[in-house]
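Each reported figure results from applying straightforward, stated rules to the coordinates on display, with no laboratory input. What you see is a predicted model, and the numbers here were worked out from it, not measured in a lab. Every residue, glycine among them, receives a Cβ derived from its backbone with ideal geometry; neighbour counts consider all protein chains shown.
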Amino acid sequence: MVLRSSAFAHEGEIPERYGFFRENVSPPLRWENLPAGTRSLALLMDDLDYPFSHWVVYNIPPEATGLDEGQVPAGALQGRNTAGTVGYVGPYPPAGQVHRYAFTLYALDISLGLPAGASRQEVVAALQGHILARAELVGRYRGVER
């Protein structure tokens, strides 16, 4: 399974517009080569340099081939990020500092029986034992002046 973005390369720089203090929209993501038996997908976005979950998406239909900029497919649910809000929160490291952000996609053999707004911890607990494949895309974001 492969996860990509047309906005940045793996280990590349995430454009400013996706940051919290700019347009704060989620970047476009595409995936391919889902394993046989995939019933749903889950996506987590985490800051690798500071313990913060920026985005939690689950029950993504296996027919979906990606997420358009600022969108989630019909049927998918969004969970709570570390800020306690539901949906995407763009990167916001301190001005001038660079943090790494991991987008991790999981192919699952079940649909998660969780309501909308579940926490990252609830999603991670529910997917344990049901992961068919995992793909990761890492981008870097330099903090901007607020």
Q: Any residue in segment 58-75 that's among the aromatic types (F, W, Y): show its pairings with residues that are in a strand (DSSP E or B) and crowded, with 16+ Cβ neighbours inside 10 Å at Cβ separation under 7 Å, as long as the two are six or more apart or on different chains.
A: Y58/A42; Y58/L77
Q: Residue by residue through segment 59-83, note down the ones that are of a type in the set (A, V, I, L, M) and over 18 Å from S5 (Cβ atoms).
A: A74, L77, A83
Q. Are any residues in segment 109-144 in contact with a Phe, Trp or Tyr (Cβ under 8 Å, 6 or more places away or on another chain) and in a loop (DSSP other than H, G, I, E, B), and if so, which ones?
A. L112, L114, A118, V144
Q. V72 is checked against (1) more than 11 Å from the chain's Cα centre (by Cα); (2) part of a loop (DSSP other than H, G, I, E, B); (3) crowded, with 16+ Cβ neighbours inside 10 Å and fails just one. What number does that condition carry?
A. (1)
